[in-house]
Amino acid sequence: MSPILSVKDLHVTFPSEAGPVQAVRGLSFNLDRGETMALVGESGSGKSVTSLAIMGLHPDTARIEGSVQLDGEELLGKTDDQMSKIRGKRISMVFQDPLSALTPVYTIGDQIVEALVIHQSMSKPEAWDRAIELLNLVGIPDPATRAKAFPFEFSGGMRQRVMIAMAIANQPDIIIADEPTTALDVTIQAQVLEVLKKAQAETGAAMILITHDLGVVAGNGDKVTVMYAGRPVEQGSVDDIFYRPRMPYTIGLLGTVPRLDHSSDEALPVLEGTPPSVVNLPPGCPFAPRCPLADEACLEAEPSLELLDEPGVEPAALPHRAACVKVDQIEKNHWTHRDIFPAGVIQASQYADIPREDRQQVLELHQVRKYFPLMKGAIYRRQTGTIKAVDDIDLDVRRGETVGLVGESGSGKSTTLLEILELAKPQSGTISVLGQDTSALSRHERRDLRQHIQVVFQDPMAAVDPRLPVFDIIAEPLEAFGWNKPDIEKRVFELLDLVGLEPSHADRYPQHFSGGQRQRIGIARALALSPEILILDEPVSALDVSIQAGVINLLADLQGKLGLSYLFVAHDLAVIRHVADRVAVMYLGDIVEIGQVDQVYDAPTHPYTQALISAIPIPDPHVERSRQRIVLEGDLPSPANPPSGCKFRSRCPKFATLDSVSQTKCAEQAPVLTSCGTDHLMACHFGEAVSVL
Amino acid sequence: MVRYVLKRVVNYVVMLFLAVTGAFFLAASSLNARSVYAVRNPPLDPDVLNNMLYRWNLNDNTPLLERYWVWLKGVFLHWDWGYSPEGVWINDAISTKMWVSLRLLLIGTLAGILVGVLVGAWTATRQYKVSDRVFTGLALLIVCTPSFVLGIATQIVAININRLTGVSIFEFVGESGQHGSFPGAIFLDRLQHLLLPSLVLMAMGAAQLSRIQRNLMLDSLGEDYVRTARAKGLPKSKAVMRHALRTALIPTGTYVAFSVVGMVTGATYTEKVFSFPGMGAYFVDSVSRMNVHGVVAFTAFAGVSVVVGAILSDIAVALLDPRVRLG
């Protein structure tokens, strides 16, 4: 059987002022019908450029060489009009950000109809009927009505379903999904991946799945191409890549991500450095500067993608290839990431041996509430409802520990952080920081207390002022608290060293740094006043996977060295499992389960926690294939109008299995946190521990 | 939708009332109708003058608030906009001028919007190409040129063309002139006179709008949804027209509301330069002749034009943007 898509030696080059940008350099692969190939790599590795080159959507200035054959027909060199007849009909695409990928001024029905009538001769009513059919297929409830709605009336996950409906409208041969779930919550990611699979099964299309999430690859890919600096560095079947990786970069990628299914307190192996710029690449292997195995041979010439000789392994559809001169050595010695990449050094905390109950409570929330009024009317304003963003929660952080806070977007995590950082009297309940009740503070005391509680933000690009040099950024809190000049200077260099930056970095501006380094600048700033508590709001979620490990290790090391306490918010449950001692799961403003982290992960008791953990793909193909996933129905309900009783019951898989008497209990009584083990509480009437890993 | 528009209309009416009131106080306190008669030789009897001015509600001996009250009652109860210092009823003075100006403004503004949007959108799709640079240069030149210079420059070009061809293709003095006796001659004559001033107004509006529209269009061309449209299989031109231009028009709708102000003031000079007997020219004359009520009447006219422009643009925005319509 001839492949449906055959890419040979694809090169894409863009002109730029600094010189030609060689975004893709020599990519080849074949794709059969019904098959899924994952294209893996970090930002800038050339994944998206490849997909747009296949679609013929690059600007005219891009130079595209090589060959892209669709069912034997050469696509490169076709005119735009010719390509327009292929795009959307034979090859279609699902983009990353569903919020911006739909035209805001047309109804979604219109947009699907447009995709249909441009390729098929159908009448408007026929196309409309087909559009409703498609929306039904991708799981949009009440499709006939919803088709008349505009994109802004849909949630992100629903919009991505619409994108998928549009992509499969003309029964394409190939679907290219470019990071289709990156912008979505884990629970919604699980839904959308299911829909994609269904759509693929329905159309029999081949799929190119572009992603940086190795868990998604393990569960959805048949074969994998790993890209680095525009070049394929390893190719093979999913099992080849996950169980027999040969290229150090692949090995590093797989080894540096924290695992959801393993408890570990050790430092993560670290891939030092950042991917190179693809302008004026030096000769040699582009990964050599970051590779612990690199020697002179690696710097001489760029290794080509060589077929591996693996006796005893059945050859797959995509033979296992790797681009590394050390392949034989790695194979012979059975080296894994532990052998190749140095694990970071983490200083143990002085509090490690003190039992939790004996440590000081540095942060305590008691029945803290934050409601937002919903107002209506311009002149005569009146309250029409209440958003219960944080609904009477209890939480405490003890000295030297990390408490993780997880939940979907809209669950109240960020509001909780903001309430703490206000250092003011909450609407109801109390917040104590280092034993001081925030409602009783004078202005002066509040200012003093602020030194002891600092924050690190999610997006390192936005959290540091681009017009200040690094020195000034880190010095700012010190100046604000009246330090004198010589002390400030000493302290700034001390901090740079502490977070692993060079003293010479002090004069540079944020734009000269990579995301990981910028996050270190943000951490240095937060540490400037020697705080005792750090609030970490998604500190690694904006970073590339190979960079994350370094920052996670740094945070762990600093905690040991400085005796810090962390309140760590993240949506990545694997990261939380790795960094946190305790974890609290939030749903619609409530904490539904809280406890020691391994307890909660290994024996989650609340159905929501079970669903959250179950939704996360694990980077292990065998595990993924045998896992039974709990997929939650629908989106998070509006916090202005949550269900009565237990707020989770509208999406609860357990609720559906209960008898009517029990269901009435769920609908009438809001469950309260009750103990279900040592240091493990949950709020469900019928909760029972289930292993979902 | 209807509620949304009604709400805006109420806002605008309040704003308009405040603006006109402000104009009245400014004009009545800074323009002195008595001074018009101060140079009269032989001088007028002071009692007679006082009586005259009192009759026209222009007497500076009457308290300002009282004059305002009289004027306000006149406008609201009898649609009487007052008298000039020469005793000419303002309603008479502006009844024809108003329509002359309106015709000019309407044609100039609408043509300006149309040309501006098209040029802006087209140059955006040809970013950094020769045609884009030429239109950018041209637009900047027009934006930088004061409207009276633009008017006179246009006239010079028109004269030369007339001379070269030997036919008066362009007419640029007044609003109408000599015309033949063939059917439609009057209409053609009017058109000829309207052509150049409308052209100047259009060019001014279009030059500014084209720059804004170009930037809006560049933004929306880079949007993900335009790429989605292309990925669906829409050819470039269709994706640009249906998806990029359509969304890039929404902010233009808002901008146009505010550009009407510029058009009204721009028309003032243009009317003067082309000796067009319109409201703008009347306004300039009113100020120099201490015509308080004329100034206020012009302000009201300009205000109404702006408000109508704003309401039309609100409706346009609501029609273009479902988020406004339904949100």
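Laboratory data are not the source of any read-out in this text; all were calculated from the coordinates shown. This one's a predicted model, so the numbers in the text were calculated from it and none came from an experiment. Positions of Cβ are generated from backbone atoms using ideal geometry, with glycine treated the same way; all protein chains shown enter the neighbour counts.
When Rg and the Kirkwood radius Rh are both evaluated on Cα atoms of segment A:1-130, their ratio Rg/Rh stands at 1.00.
Helix B:246-273 against the longest principal axis of chain B: what's the angle in degrees, Cα atoms only, rounded to the nearest 10? The helix B:246-273 is inclined about 40 degrees to chain B. What does DSSP give for the protein assembly as shown in terms of the percent of beta bridges that are antiparallel, rounded to the nearest 5? If I count the DSSP bridges inside the protein assembly as shown, around 60 percent turn out antiparallel.
Residue order for B:284, A:597, A:49, fewest other beta carbons within 10 angstrom first, comes to B:284, A:597, A:49. Rounded to the nearest angstrom and listed largest first, the equivalent-ellipsoid semi-axes of segment A:5-221 from its Cα gyration tensor are 29, 20, 17. When segment A:597-682 is described by a simple charge dipole with +1 on each Lys and Arg Cβ and -1 on each Asp and Glu Cβ, the residue from A:672, A:630, A:643 located farthest towards its positive end is A:643.
Please say if segment A:410-555 is rounded, prolate or oblate, where rounded means a/c under 1.5 for a ≥ b ≥ c the square roots of the C-alpha gyration tensor eigenvalues, and otherwise the choice is prolate for a/b larger than b/c and oblate otherwise? Oblate, since a/c reaches 1.5 and b/c is not below a/b. If R0 equals 35 Å, the separation of the Cβ atoms of residue B:130 and residue B:265 corresponds to a calculated FRET efficiency of about 0.55. Assuming charge only on the beta carbon of Lys and Arg (+1) and of Asp and Glu (-1), the dipole of the protein assembly as shown about its Cα centre is about 4080 debye to the nearest 20. Listed by Cβ neighbour count within 10 Å, with the fewest neighbours leading, B:156, A:64, A:523, B:90 appear as B:156, A:64, B:90, A:523.
Based on C-alpha pairs under 8 angstrom that are at least 6 apart in sequence, segment A:5-221 has a relative contact order of 26 percent. Put a plus charge on the Cβ of each Lys and Arg, a minus charge on the Cβ of each Asp and Glu, and nothing anywhere else: the dipole of segment A:1-144 about its Cα centre is then about 220 debye. D by Stokes-Einstein for segment A:349-420, Kirkwood Rh over Cα pairs, 37 °C, 0.692 mPa s: 222 µm²/s. Here segment A:361-485 yields Rg over Rh of 1.03, to two decimals, using C-alpha coordinates and the Kirkwood radius. In percent, what relative contact order does segment B:200-312 have, based on Cα pairs under 8 Å that are 6 or more apart in sequence? Value for segment B:200-312: 25 percent. Taking every DSSP beta bridge that has both ends in segment A:155-307, the antiparallel portion is near 55%.
Normalising the average separation of contacting C-alpha pairs (under 8 angstrom, six or more residues apart) by the number of residues puts the relative contact order of segment A:356-585 at 26 percent. Between the alpha-carbon centres of segment B:219-274 and segment A:510-584 there is a gap of 45 Å. Against chain B, whose longest principal axis is taken from its Cα atoms, helix B:292-320 shows a tilt of about 20°. How large is log10 I(q)/I(0) at q = 0.13, 0.18, 0.25 Å⁻¹ when the Debye formula is applied to the Cα atoms of segment A:245-340, each weighted equally and without solvent? With one equal scatterer per Cα and no solvent, log10 I(q)/I(0) is -0.53, -0.94, -1.37.
Could you point to the residue in A:552, A:474, A:500 farthest towards the positive end of segment A:356-585's charge dipole, with +1 and -1 charges on the Cβ of Lys/Arg and Asp/Glu respectively? Value computed over the given set: A:474. When the Cα gyration tensor is reduced to axis lengths a ≥ b ≥ c, the ratio a/c is 1.5 or higher for chain A, and with a/b not above b/c it is classed as oblate. For the segment B:220-228, counting C-beta atoms of other chains within 10 Å of every residue's C-beta and taking the mean gives 5. Neighbouring Cβ atoms from other chains, within 10 Å of the Cβ of residues in A:108-119, number 2 on average.
Please go through the residue pairs A:8/A:326; A:413/A:647; A:85/A:148 and name each one whose alpha carbons sit more than 20 Å apart in this structure. Violating the 20 Å limit, Cα to Cα: A:8/A:326; A:85/A:148. Close Lys pairs in chain B (alpha-carbon distance under 25 Å; sequence gap of 8 or more, or different chains): 4. Derived scalar couplings between HN and Hα for segment B:21-38 equal 4, x, 4, 4, 5, 4, 5, 5, 8, 10, 9, 10, 5, 4, 5, 4, 8, 5 Hz in order, rounded to whole Hz, by the Karplus curve 6.51 cos²θ - 1.76 cosθ + 1.60 (θ = phi - 60°), x for Gly and Pro. Semi-axes of the equivalent ellipsoid for chain B, computed as √(5λ) from the eigenvalues of its C-alpha gyration tensor and ordered from largest down, come to 43, 28, 16 Å.
Considering the options B:119, A:486, A:31, tell which one lies farthest towards the positive end of the dipole of the protein assembly as shown, charges being +1 on Lys and Arg and -1 on Asp and Glu at the Cβ, about the Cα centre. It is B:119.
Straight-line cross-link partners of residue A:332 among the lysines, defined as a Cα under 30 Å from its Cα and at least 8 positions apart when in the same chain: A:223. Taking every DSSP beta bridge with both residues inside segment A:5-221, roughly what % is antiparallel (nearest 5)? The answer is about 55 percent antiparallel. In 10 Å bins starting at zero, report the fraction of Cα pairs in segment A:412-482 per bin as a rounded %. Taking all Cα pairs of segment A:412-482, the binned fractions are 16, 41, 31, 11, 0 percent.
Taken as Cα centroids, segment A:597-676 and segment A:283-350 sit 41 Å apart, rounded to the nearest whole angstrom.
Loop-located trypsin sites (Lys or Arg not before Pro) in segment A:373-426 (DSSP state not H, G, I, E or B) with no more than 14 neighbouring Cβ atoms inside 10 Å: A:381. Among A:110, A:358, the ranking by other beta carbons within 10 Å of each residue's beta carbon, starting with the fewest, stands as A:358, A:110.
Considering every pair of different Cα atoms, what Kirkwood radius, in Å, is found for segment B:110-257?
17.5
Expressed in Å, the radius of gyration and Dmax of the Cα atoms of segment A:587-686 are 14.3, 42.
Inverting the pair-averaged 1/r between distinct Cα atoms of segment A:185-333 gives 17.1 Å as its Kirkwood hydrodynamic radius.
Taking a ≥ b ≥ c as the square roots of the eigenvalues of the Cα gyration tensor, segment A:546-624 is classed as oblate, since a/c reaches at least 1.5 and a/b does not exceed b/c. The C-alpha atoms of chain B define a longest principal axis, and helix B:279-288 lies at about 40 degrees to it.
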